[in-house]
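Below is one structure, written out as structure tokens; comments come after it.
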Amino acid sequence: MITWGKALGIQTKVTVFIIGVVVSVLSVTTYVSRTLTEQKAEENLRERYINIVKQIDAGIVEIEELRDTRTLQEELEKLLQVRPNIVMVDIFDLTSKKIHLTARKGIEINRLVSAPDSARIEAVKRGEVLTSLEMDGTDRFWNILAPVRIRKEVSGLIRARISTKEFDDLVSEERRQAFLITATAAIAILVFLVWYLRRTVSKPIGILIEAMAQAEAGNLKSQVKSYSSDEIGMLAKQFNKMIHKIRNFNEELEERVQQATKELYHRYDELISVNRRLSEAQIQLAQSERLAAAGQVAAAIAHSIGTPLHSILGHLHRLKRDTSDDKREERLKIIHSQVERVVQIIQNLLDTVRKPAPSMVPVRINKLLEDLLYLVTPGISLRGINVKTNLDPLLPDIAGDVNQLQELFLNLLTNALDAMPGRGELEVNTSFNHSTVSSNESVTITILDNGHGIDEANLQKIFEPFFTTKERNKGTGLGLSICQDITRTHHGEIYVSSHVGKGTTFTIILPVKQHETH
Ligand SMILES: Nc1ncnc2c1ncn2[C@@H]1O[C@H](COP(=O)(O)OP(=O)(O)OP(=O)(O)O)[C@@H](O)[C@H]1O
Ligand SMILES: [Mg+2]
């Protein structure tokens, strides 16, 4: 809500205040001085009117003159011509017992007027001059009763009725002029004040506010030109200094942020490269481990199957040389048993190399996959591969061996990345397969790529140990065989579907709970 205090600017407030004070002071002083002047003028007027009446008195010297109505009327006529404000003059003769009107002149000649009362006549006889102000509507009249002295004796009475109209008109004209002067002075002060305040207060403050608004909007280059050396000028200078400081501080801050960001990018790059080296080292380690294992297997196989193979070879030679050998049946039996032994030895050796006893613990498959994806991030970004994950948030933990499961999925992810040397899409999904029987509950993990795919003929062989299509030293061909083995250990299943040029999908189904192994 806007209050008046807020809505009015300093200029308006100061102007209203000063004008209020000036008008009040001017009005009061004019009123007081006018009242005093008018009172004095009123007194002078009364004196003047009394003097006029005294002049009439001075004109009557002899008692005969007081009684000479004609001459008196003529004299009065002349007087009235020069003093038109005298409305009426009566001259009374007081020498006889009864008061007697001897002359009467004026515009109210036909008005019925009674003689003054005896108290007044007595007062006049004592030499007093009686005056009274009479109001008639808006008109005012001075009634003057004065004695006519003949040789110092009060012999008659002059009653004059004199209009103050001329004086009153003058007074009201003067009042009007005084009011006009006061009003003009107030307007002049107002105009001057508005002009002056605008120049010294409103305009500089407006400029300052505009500069502040610009600074608030982010323009720290705004400066205020200060022309004056008063408080507003100082405020402007202070504002300029402050803005300058803020600008410097901002620039410094920006520079520091830029430096920090650069440093951060640098560290980030370093981290990425360390991560990549780590992941490469891990993959190489896994590869070398597998190669070492394969070497061990090969050596063990060579050592273990050397004897039965020699025996088979010997028996085969003899069978070939002598077809009528009566021990033919026996030899074939031996060959068969030795071949079975070879198979068994290989199987046993593979089992020993591949499978350390699994330790089953609750495993969070989603977390495990996310960690692995993070591990292969360098490989992913290096190849410009886009990764999409669709991990079921309600996926339950499954019982499994963390290391084996890591190896399983790392093999599949590595294969998928190897299948997409250029750009590509890798998708990792998990889902929960509900079942009314809790022992049948399982999770499905699919790893999809849109790499080169596997042709029909190879698809049959990919799970065989040592089957690889990769260059020498790039692949051992044991990855998928190990995957299959690990899935079996977990009582799960592994499927593959692939189209050449379109991509490959590996699907792994793992039970949530592990069955008892018999
Ligand atoms: N996602 C895939 N896309 C295309 N071919 C694949 C994929 N996964 C596996 N293969 C094929 O199956 C073969 C066997 O894979 P496997 O993981 O067993 O061995 P490898 O990857 O060649 O070597 P290793 O995993 O021991 O380093 C691969 O050489 C490749 O031809
Ligand atoms: Mg592989």
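Read-outs throughout are calculated quantities, based only on the coordinates presented, and are distinct from any laboratory measurement. Since the model is a prediction, treat every value here as computed from it, not as a measurement. A quick note on method: Cβ atoms are made from the backbone with ideal geometry, for glycine too, and the neighbour counts reach across all protein chains shown.
The table that follows gives values for the structure above.
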| quantity | calculated |
| --- | --- |
| Full-stretch length increase - L309, N250 - with 0.36 nm per residue and alpha-carbon distance subtracted | 12.9 nm |
| Inter-label distance for I18 and K225, nm, one decimal - labels placed 7 Å from Cα along Cα-to-Cβ | 2.5 nm |
| Over 29 Å between alpha carbons, listed pairs K262/K474; K203/K245; K470/K502; K388/K502; K13/K225 | K262/K474 |
| Full-extension gain in nm, Q55 to T30, via 0.36 nm per residue minus C-alpha separation | 5.4 nm |
| Fewest-first sequence of M360, M135, M242, M88 by Cβ atoms within 10 Å of each Cβ | M135, M242, M360, M88 |
| Coil-residue GluC sites (Glu not before Pro) of segment 28-105, DSSP, other Cβ within 10 Å capped at 13 | E62 |
| Kirkwood hydrodynamic radius of segment 433-518, from inverse mean 1/r over distinct Cα pairs, in Å | 14.4 Å |
| Calculated Rg and Dmax of the chain using C-alpha coordinates, Å | 66.5, 214 |
| The chain, relative contact order in percent, only Cα pairs under 8 angstrom and at least six apart counted | 8 percent |
| Angle in degrees between helix 165-197 and the longest Cα principal axis of the chain, rounded to the nearest 10 | 20 degrees |
| Rounded FRET efficiency, nearest 0.05, which uses the C-beta distance separating L394 from A298 and R0 of 41 Å | 0.35 |
| Theoretical ellipticity at 222 nm over the chain - DSSP helices of four or more residues, -39500 (n - 2.57) apiece, nearest 500 | -20000 deg cm²/dmol |
| Residue exposure sequence - T184, T69, T436 - by fewest surrounding Cβ within 10 Å | T436, T184, T69 |
| Set of aspartates and glutamates with alpha-carbon distance to K513 below 16 Å, sequence-local pairs under 8 removed | D397, D401, E441, E493 |
| Charge sum, other residues only, whose C-beta stays under 12 Å from R175's C-beta, Lys/Arg counted +1 and Asp/Glu -1 | -3 |
| The chain: angle of helix 69-82 to the longest principal axis, Cα-based, in degrees nearest 10 | 30 degrees |
| Within segment 8-175: Cβ-based charge dipole about Cα centre, in debye rounded to nearest 20 (Lys, Arg +1; Asp, Glu -1) | 280 debye |
| Charge dipole magnitude, Cβ of K and R +1, D and E -1 - segment 345-433, Cα centre, debye nearest 20 | 140 debye |
| Cα-based reach from K320 at 17 Å (exclusive), listing lysines while leaving out same-chain residues under 8 positions away | K333 |
| Whole-angstrom gap from segment 361-375 to segment 407-441, using each part's C-alpha centre | 11 Å |
| Given charges at Cβ of Lys, Arg, Asp, Glu: segment 159-255 dipole, positive-most of L253, M234, I187 | I187 |
